[in-house]
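What follows is a short report on a single structure.
The values are calculated or read from the model by the stated rules, or taken from the named source; none is laboratory data. Everything quoted here is computed from the prediction, not taken from an experiment. FYI the Cβ positions are ideal-geometry reconstructions off the backbone, even for glycines, and counts take in every protein chain you see. Side chains included, ligands, DNA and RNA excluded: accessible areas come from the protein's heavy atoms. Shrake-Rupley method; radii C 1.70, N 1.55, O 1.52, S 1.80 Å.
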Amino acid sequence: MASYDVIVIGSGPGGYVCAIRCAQLGLRTACVEGRDALGGTCLNVGCIPSKALLHATGMLHEAEENFGKMGVKTSKPSVDWKAMLGYKQDTIGANTKGIEFLFKKNGVEWLKGWASIPEAGKVKVGEAVHEAGDIVIATGSEASSLPGVDIDEKVVVTSTGALELPKIPKRMAVIGAGVIGLELGSVYNRLGTEVTVVEFLNAVTPGMDGEIQKTFQRTLKRQGLAFVMGAAVQKVEATKTRARLTYRLRKDESEHVLDADAVLVATGRTPFTAGLGLDAIGIETAAPGQVRTDGHGRTGVEGIWAIGDATDGPMLAHKAEDEGMAVAECIAGQAGHVNYDVIPSVIYTHPEVASVGQTEEQLKEAGRSFKVGKFPFMGNGRAKANFAADGFVKLLADSETDRILGAHIIGPMAGDLIHEICVAMEFGAAAEDVARTCHAHPTFSEAVREAALACGDGPIHV
Ligand code: FAD
Ligand code: NAI
């Protein structure tokens, strides 16, 4: 029986970051992973492969749409799907091997296999039982199932199957206009697939700022994605090569069918904690399988912690990473902390969508008095030069103190631009602080400054 200060179960962004930080803080650390590669959902079947395909198809789109306008002459680009999947696979490999290297560098031991927790202080991997002073549950999540829909990962797929379809489908139905549906729907739309998104609600990306939702859906429609909104999917019937989806429109209860060569089910994800033996050791879960913590990673059982998708909060890689670091610091006797008010979220479509803090709807509901500073990318020189002038920056600031309460961006590099506001919010900055900060010209980030100016005496370039 080996003995460790800490055993982390799961090597996704939560688990591997936690394990590395524990080792850096002088704790003897092991990380259990049942997959053949480290990195979890994010590196193997999530963030990294989806972003590789978004990048490749984004380049294709850029070549088709804009090269000619800039005087760049090429023959019509075409797609070698096998090679594109190869590029995606190489990208995964480079990243997962990178985690193996970091484990070796920091002295984290990889225990290969599936773990359970027979009792506090013990982790079972295969037949071996290891002792640990502290145990961190970082077992992530899996795609949620949908009644009436059987997933075969060939024709009816989750995001995992959608990342490796053997051929580009002619027609794809996407169930759910959330982040996965719109990112992967965009990938296939750019590859020439007729994509129809069927969504239960009347707006895309629930929880986002309403104005962004409307602009985002309009933009995707213009790019060729079709939407059926307010529709409850009843069933999907599939053969080996195609599927028929039946949905009911909520407004009039009328039933319709949609035929497709592939159906992507993207209706959310569920914590993956079955098999750990949580009930037997008295760890509380909220349905379905989500480990309850005190908001700082502690479960109700002394010495057992939980982070990332397996717990409450947004299912995002960087949220899992931050929790991993904070819990490692707490185990080492330091004051680890996550600021849940400043967790950005990004959708990597074209244009990108990014947000942090409160939405206009949330502020109204809370009865807050706030001002809105908006600036369109049409007024940004760099965006116009790059044919990327769709979208806007929207800043929300307290009416009295001018303190920034939220930011919502749809436009070029939104996922990078948002971090200026994250830092500002961490420092409790006012919109005027951002407005008075010199921003290099010509950059997209000038649009953020102009939105901050719009919270005060007004922007210059509109
Ligand atoms: P995971 O990454 O799920 O890792 C958990 C690991 O634990 C897995 O490797 C699993 O095999 C292992 N495990 C589970 N149980 C056991 C056990 N009993 N024993 C041993 N090992 C076990 N988030 C973003 O922030 N940005 C994105 O761009 C983004 N894109 C995404 C795209 C897709 C298609 C998907 C599906 C998700 C995406 N996400 C993205 C979400 C992101 O992947 C997750 O939020 C993140 O991976 C959660 O990290 P985690 O460490 O909690 O768990
Ligand atoms: P999601 O929660 O983002 O969206 C699910 C959508 O499906 C919602 O719009 C919901 O209303 C709809 N829906 C639910 N049931 C339905 C039904 N029966 N019929 C029709 N529509 C239905 O979930 P998604 O897209 O599966 O993503 C899962 C998680 O992965 C998210 O929490 C997200 O944070 C994370 N992720 C993050 C990414 C990023 O940060 N860029 C990229 C991909 C995933």
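For the stretch 288-408, relative contact order (Cα pairs under 8 Å, six or more residues apart, normalised by length) works out to 16 percent. Note on residue 88: lysines with a C-alpha under 22 Å away, same-chain residues under 8 apart excluded, are 51, 97, 154, 167, 170.
To the nearest 20 Debye, how big is the dipole of the chain about its Cα centre, given +1 on the beta carbon of each Lys and Arg and -1 on that of each Asp and Glu? Mind dumping the intermediate values first?
Working: 45 positive and 57 negative charges, 324 e Å.
In debye, rounded to 20, the chain gives about 1560.
Modelled this way, with points 7 Å down the Cα-to-C-beta line, the labels at residue 249 and residue 82 are 4.4 nm from one another.
Placing unit charges on the Cβ atoms only, positive for Lys and Arg and negative for Asp and Glu, gives the stretch 37-124 a dipole magnitude near 180 debye about its Cα centre.
As I understand it, the dipole of the chain uses +1 on the Cβ of Lys and Arg and -1 on the Cβ of Asp and Glu, about the Cα centre. Which of 456, 239, 299 lies farthest toward its positive end? Ranked along the dipole, the leading option is 239.
Note the full-extension length gain between residue 102 and residue 59 as 0.36 nm times their separation in residues minus their Cα-Cα distance, in nm to one decimal. Intermediate results must be reported in sequence, preceding the final value.
Working: separation 43, 0.36 × 43 = 15.48 nm, distance 3.10 nm.
Between residue 102 and residue 59, full extension yields 12.4 nm more.
Taking all protein chains in place and a 1.4 Å probe, what share, in percent, of the accessible surface of the stretch 1-59 do carbon and sulfur account for? Carbon with sulfur: 52 percent of the solvent-accessible area.
Backbone amide hydrogens, once placed in the peptide plane, bring residue 268 within less than 5 Å of 144, excluding anything fewer than 5 places away on its chain. For residue 294, the accessible area of its heavy atoms, probed at 1.4 Å with every protein chain present, is near 80 square angstrom.
Can you give the extra length, in nm with one decimal, that the chain gains between residue 153 and residue 416 once fully stretched, where that is 0.36 nm per residue apart less the Cα-Cα distance? Don't skip to the answer; put the middle values down first.
Numbers: separation 263, 0.36 × 263 = 94.68 nm, distance 3.31 nm.
Working it through step by step, the gained length comes to 91.4 nm.
Near residue 383, once Lys and Arg are set to +1 and Asp and Glu to -1 for all other residues with Cβ below 12 Å from its Cβ, the sum equals -1.
Once the dipole of the stretch 322-389 is set up with Lys and Arg at +1 and Asp and Glu at -1 on Cβ about the Cα centre, which of 378, 353, 332 lies farthest towards its positive end? Toward the positive end, the furthest listed residue is 378. Applying a 4.7 Å Cβ-Cβ cutoff to the chain, the cysteines left without a disulfide-compatible partner are 18, 22, 31, 330, 422, 438, 455. Here residue 257 and residue 194 are evaluated by their C-beta separation; at R0 = 22 Å the FRET efficiency comes out at 0.90.
Over all directions, how big on average is the projection of the convex hull of the alpha-carbon atoms in the chain, in square nanometres? Show your work: numbers first, answer last.
Details: hull surface 97.5 nm².
If you wrap the Cα atoms of the chain in a convex hull and average its projections, you get 24.4 nm².
Solvent-accessible area of residue 124, all protein chains in place: 70 Å² (probe radius 1.4 Å, heavy atoms, ligands and nucleic acids excluded).
Normalised by 2.2 N^0.38 Å, where N counts its residues, the alpha-carbon radius of gyration of the stretch 10-136 equals 1.47. Surface analysis of the stretch 1-153 yields an accessible area of 48 Å² per residue, using protein heavy atoms and a 1.4 Å probe. For the stretch 97-152, the share of accessible area belonging to carbon and sulfur comes to 52 percent (1.4 Å probe, ligands and nucleic acids excluded).
Couplings 3J(HN,Hα) of the stretch 367-380, computed from phi: x, 7, 9, 9, 10, 10, x, 10, 9, x, 5, 4, x, 10 Hz, in residue order, whole Hz [Karplus 6.51 cos²θ - 1.76 cosθ + 1.60, θ = phi - 60°; x for Gly and Pro].
Hey, got the dipole for the stretch 312-460? About the Cα centre, +1 on K and R Cβ, -1 on D and E Cβ, debye to the nearest 20?
Values: 11 positive and 22 negative charges, 105 e Å.
Roughly 500 debye, rounded to the nearest 20.
Think of a 1.4 Å ball rolled over the protein heavy atoms: the stretch 168-253 then has 45 Å² of accessible area per residue. Taking Lys and Arg as +1 and Asp and Glu as -1, the other residues whose beta-carbon sits under 14 Å from that of residue 314 total -4.
With the full set of protein chains in place, find how many percent of the accessible area of the stretch 205-347 is carbon and sulfur; take the probe as 1.4 Å.
Working: 3310 of 6940 Å².
Carbon and sulfur: 48 percent of the exposed surface of the stretch 205-347.
DSSP bridge analysis restricted to the chain gives an antiparallel fraction near 60%, rounded to the nearest 5. For residue 171, the residues 5 or more places off, or on other chains, whose built amide H falls under 5 Å of its own are 194, 261, 262.
Computed with a 1.4 Å probe on the full set of protein chains, the accessible area for residue 97 sits at about 130 Å².
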